[in-house]
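Down below is the structure, laid out as structure tokens.
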Amino acid sequence: MRMTAIVLFAICTVGTVHARDDSIDMGWGVYGKAGSYSVEDPDGATDSEFAFLPGAKITFPFSRRGKQFVAGVELINFNLDASESDIGQDVSGYRVWGGYEHRFNISRHFKFWGGVGLTLDSVSFEDRHTVDEDGFLKARYEDLDESYSGVTLYGLSTFDVGRRAGWEPAVGFYIDQPFSDGVSSIGGTFQIIFD
């Protein structure tokens, strides 16, 4: 619950900061990531789970040619089922990340952004266990509170809805991979980007 409050606060703060000072050349956006999430667990294999997770980002253009820095925060919250070989667990926390985006102009109204960034996760892994073939508890593992770093790769297609709109929708894909143990995911994203 505390992590959810932190992420929601960050999402609201991003818009407030931008609204207060239009002289700052930056944009912001909110997004959802839907994909397959799994854990690189030090004690064994895990299953994967489909999850939809929210986030927010701020962009800082440093060139009029479609180059910008980006920073964001997103919620991590999903459950993995246990089996005889897979460790089940409740995964919750948040991710902060920063990176670089580059725009490729495909047409006047259609643009593609490619991005790469570094991630830092603060995650709790609770109720870690395996079950036997009848579904009874086989083994219990210690809860973990860990921080991890990793990399995120993504591509976004944005669609111009008009100069006066002040926003544009975007759809794309992402791959999140920790450098060692941690949360990994692959899937699609939908974003609303404000300028």
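A single entry from Y100, Y94 fulfils the requirement of being without any contact (Cβ under 8 Å) to a residue 60 or more places away in the chain and aromatic (F, W, Y): Y100. Give me the pairs, please: first residue somewhere in the stretch 57-83 and within 13 Å of W97 (Cβ to Cβ) and open to solvent by less than 80 Å² (accessible area, probe 1.4 Å), second residue anywhere and in a loop (DSSP other than H, G, I, E, B) and of a type in the set (A, V, I, L, M, F, W, C), beta-carbon distance under 8 Å, and either six or more positions apart or on two chains. Going by the 8 Å Cβ cut-off, the qualifying pairs are I58/M26; T59/M26. Residue count for the stretch 154-169 under the criterion of being under 12 Å from K33 (Cα atoms) and over 15 Å from the mean Cα position of the chain (by Cα): the result is 0.
Need a quick list: strands (runs of 3 or more DSSP E) entirely within the stretch 88-195 having at least 1 residues that are at pLDDT 95 or above, buried (at least 17 other Cβ atoms within 10 Å of the Cβ) and small (G, A, S).
In the stretch 88-195, 88-105, 110-131, 144-159, 167-178, 182-194 are the strands (runs of 3 or more DSSP E) which contain 1 or more residues that are at pLDDT 95 or above, buried (at least 17 other Cβ atoms within 10 Å of the Cβ) and small (G, A, S).
Criterion first (without any contact (Cβ under 8 Å) to a residue 12 or more places away in the chain and either surrounded by fewer than 13 Cβ atoms within 10 Å (Cβ to Cβ) or out of contact with any helix residue (DSSP H, G or I) (no Cβ under 7 Å at 6 or more places or on another chain) (or both)) does L53 satisfy it? No, not satisfied.
The values are calculated or read from the model by the stated rules, or taken from the named source; none is laboratory data. These figures come from a predicted structure and were not determined experimentally. Note: ideal-geometry Cβ built from the backbone for every residue, glycine included; neighbour counts use all protein chains shown. Only protein heavy atoms, including side chains, enter the accessible area calculation; ligands, DNA and RNA are left aside. Shrake-Rupley method; radii C 1.70, N 1.55, O 1.52, S 1.80 Å.
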